[in-house]
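The values are calculated or read from the model by the stated rules, or taken from the named source; none is laboratory data. Note that the structure is predicted; figures quoted are calculated from it, not measured. Cβ placement follows ideal geometry from the backbone for every residue including glycine, while neighbour counts extend to all protein chains displayed. When the accessible area is computed, the model is the full protein with side chains, heavy atoms only, and any ligands, DNA or RNA have been set aside. Shrake-Rupley method; radii C 1.70, N 1.55, O 1.52, S 1.80 Å.
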Amino acid sequence: MIAVEDIRARAKDLLKSGKVRAVLGYRRSTAGMLAEPAFITAPEETASLVLDATCVENLALYLVNEKKRQKHSRSPDKRPLAIVAKGCDSRAITVLLQENHIKRTDIVVLGVSCGKGGVIDTKKLNKALRGKAATGAAFEGDHSIKATYLHGASVLPAKDVLADRCLECTKSYPLDADFFFGDKVDERAYSPRFSVVNAFSEKSQEERSAFWAGHFDRCIRCYACRAVCPMCYCDECVVDSTHFIVGPATTADEKANRVRWINRSPTRSENAMYHMVRAMHLAGRCTDCGECERVCPVNIPLRLLNTMLEHEALEMFGYAPGLDAEQPSLISSFRDGDPNDFVR
């Protein structure tokens, strides 16, 4: 069990000494039950840091956003940024390091272990509470979560309300941290890795096709999944048209001959193309933080789509993303023993 006071003390020391420009962590929100990301810049503000089952968001996303902010700042602060990182957050950071998007000297990682716990799924929690609006959630023992609400509280089995990614997590702690808090727990009493993928693979091709067709029909192309993903850091996305401005002098031929990889219209074919392209770009890079599925307003099971490719990478190439910053990424490496049955 992690004492949040230890994290606060370390964060306060880093800020007082001037070793970091800010600490990126979690604090209580005034807009709901979930903790909110926070940039702590003053030592006295560290008292607001929290760490519990409501700290859901992947803070690695804010490293990407902070790099953009620093780039456009007239006088950027070159000191490192400290970040509180769970296991899945840490793996995302490792991928960013592999791809040279950030440098290790740019960050100080305050690694926190989820132990036998994890973070909650608000949709599951709301269903379990049968309409009661939860105001808080915290572990009570290793396998139970106490959810509080107006005028009461309920103790629920953790497996019923934890996020799916936490149920299948096999590395609930960071492998790369400057300061580590908690215990390294490898054995967890939940579901085996890729349980959902293996269950889905037992369906027939027709059933799988109908499954995804139904979900892609509902996609409204809001791009929330892209916006929340730490791996979607490209300045220009294949689905955007940022370099083609239509003006009074633009001819009909120029408009017709413009390359359109994916149209904006939310039809099944265009939605399928968008999600397939994004999934392929995440192959060997997605660290299963589950944020894309969590923020989807129409509940498309995007985690299933991404973990299917993660499973393929592991089965075919023995590659698991986010474990070693010194290891070449999946798509930038080749071994003589790699399967090449696809070559014709």
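Is there any pair linking a residue in segment 173-199 that is over 18 Å from residue 51 (Cβ atoms) and assigned to a loop (DSSP other than H, G, I, E, B) to one that is open to solvent by less than 60 Å² (accessible area, probe 1.4 Å) and among the basic types (Lys, Arg), with Cβ under 9 Å and at least six apart or on different chains, and which?
From segment 173-199, the pairs are 175/91.
How many of the residues in segment 288-344 are of a type in the set (Ser, Thr, Tyr), open to solvent by less than 50 Å² (accessible area, probe 1.4 Å) and not in a loop (DSSP other than H, G, I, E, B)? Outline the logic, then answer.
Step one: filter segment 288-344 for residues of a type in the set (Ser, Thr, Tyr), giving 307, 319, 329, 332-333.
Filter again for open to solvent by less than 50 Å² (accessible area, probe 1.4 Å), leaving 307, 319, 329.
If we keep only those that are not in a loop (DSSP other than H, G, I, E, B) as well, we get 307.
Final tally of qualifying residues: 1.
Could you list, in sequence order, the residues of segment 108-128 that are farther than 17 Å from residue 27 by Cα, open to solvent by less than 10 Å² (accessible area, probe 1.4 Å) and of a type in the set (A, V, I, L, M)?
Scanning segment 108-128 gives 109, 125.
Hey, can you tell me all the residues within segment 156-171 that are assigned to a helix (DSSP H, G or I) and within 18 Å of residue 112 (Cα to Cα)?
Residues of segment 156-171 assigned to a helix (DSSP H, G or I): 158-161, 164-167.
Correct list: 165, 166, 167.
I'd like to verify a number: residues in segment 106-149 that are part of a strand (DSSP E or B) and small (Gly, Ala, Ser), how many?
Residues of segment 106-149 that are part of a strand (DSSP E or B), as a first pass: 107-112, 120, 134-139, 144-149.
From what is left, the residues that are small (Gly, Ala, Ser) are 111, 134, 136-138, 144, 147.
Number of matching residues: 7.
Can you find, within segment 49-65, the residue that is least open to solvent (accessible area, probe 1.4 Å) among those that are free of Cβ contacts under 8 Å to residues at least 40 places away in the same chain and touching a strand residue (DSSP E or B) at 6+ places or on another chain (Cβ under 8 Å)? If you could, list the steps in order and put the result at the bottom.
Within segment 49-65, the first condition is being free of Cβ contacts under 8 Å to residues at least 40 places away in the same chain, and the residues that meet it are 59, 62, 65.
Filter once more, keeping what is touching a strand residue (DSSP E or B) at 6+ places or on another chain (Cβ under 8 Å): 59, 62.
On the way: 59: 0, 62: 53 Å².
Across segment 49-65, the extreme among qualifying residues is 59.
Report, by residue number, each residue of segment 206-237 that is farther than 30 Å from residue 3 by Cα, part of a helix (DSSP H, G or I) and aliphatic (A, V, I, L, M). Break it down into steps so the answer makes sense when it comes.
So in segment 206-237, the residues farther than 30 Å from residue 3 by Cα come out as 206-227, 231-237.
After this cut, where a residue has to be part of a helix (DSSP H, G or I) as well, the list is 206-218, 224-227.
210, 213, 224, 227, listed by residue number.
Any residue that is in contact with a strand residue (DSSP E or B) (Cβ under 8 Å, 6 or more places away or on another chain) and among the aliphatic types (A, V, I, L, M) - is there at least one of those in segment 169-178? Even if it seems obvious, please write down each step before you answer.
To start, the set of residues in segment 169-178 that are in contact with a strand residue (DSSP E or B) (Cβ under 8 Å, 6 or more places away or on another chain) comprises 173-174, 176-178.
Subsequent filtering for residues that are among the aliphatic types (A, V, I, L, M) retains 177.
Yes, the conditions are met somewhere in segment 169-178.
For segment 16-29, name all the residues that are open to solvent by 20 Å² or more (accessible area, probe 1.4 Å) and more than 23 Å from the chain's Cα centre (by Cα). Even if it seems obvious, please write down each step before you answer.
Keep residues of segment 16-29 that are open to solvent by 20 Å² or more (accessible area, probe 1.4 Å), which gives 16-19, 21, 27-29.
16, 17, 18, 19, 21, listed by residue number.
Considering only residues that are free of Cβ contacts under 8 Å to residues at least 60 places away in the same chain and in contact with a helix residue (DSSP H, G or I) (Cβ under 8 Å, 6 or more places away or on another chain), which ones fall in segment 68-105? Quick ask: steps written out before the conclusion?
Kept after step one, since they are free of Cβ contacts under 8 Å to residues at least 60 places away in the same chain, are these residues of segment 68-105: 68-78, 100, 102-103, 105.
Hits for segment 68-105 are 76, 77, 102, 103.
When residue 203 is evaluated against the numbered criteria (1) part of a loop (DSSP other than H, G, I, E, B); (2) within 24 Å of the chain's Cα centre (by Cα); (3) surrounded by 12 or more Cβ atoms within 10 Å (Cβ to Cβ), which criterion, by number, is the only one it fails?
(2)
So residue 171 clears everything in (1) surrounded by 17 or more Cβ atoms within 10 Å (Cβ to Cβ); (2) farther than 23 Å from residue 139 by Cβ; (3) not small (Gly, Ala, Ser) except one condition, right? Which one?
If we test residue 171 against (1) surrounded by 17 or more Cβ atoms within 10 Å (Cβ to Cβ); (2) farther than 23 Å from residue 139 by Cβ; (3) not small (Gly, Ala, Ser), just (2) comes out false.
Would you please list the contacts, defined by Cβ atoms under 8 Å and residues six or more apart or on different chains, that run from a residue in segment 271-287 that is at positive phi to a residue that is modelled with pLDDT of 90 or more and of a type outside the set (D, E, K, R)?
Final answer for the pair search is 284/309; 284/313; 284/319; 284/321.
Of all residues being out of contact with any Asp or Glu (no Cβ under 9 Å at 6 or more places or on another chain) and at pLDDT 95 or above in segment 280-295, which is nearest to residue 171 (Cα to Cα)? Just the residue, please. I'd like the intermediate steps shown before the answer.
Filtering segment 280-295 for residues out of contact with any Asp or Glu (no Cβ under 9 Å at 6 or more places or on another chain) gives 280-281, 292, 295.
Remaining after also requiring at pLDDT 95 or above: 292, 295.
Details: 292: 20, 295: 23 Å.
Looking at residues that are out of contact with any Asp or Glu (no Cβ under 9 Å at 6 or more places or on another chain) and at pLDDT 95 or above, I get 292.
Return a yes/no flag: does segment 70-82 have any residue that is in a helix (DSSP H, G or I) and buried (at least 21 other Cβ atoms within 10 Å of the Cβ).
Step one: of segment 70-82, the residues in a helix (DSSP H, G or I) are 70-71.
Filter once more, keeping what is buried (at least 21 other Cβ atoms within 10 Å of the Cβ): none.
No, segment 70-82 contains no residue that is in a helix (DSSP H, G or I) and buried (at least 21 other Cβ atoms within 10 Å of the Cβ).
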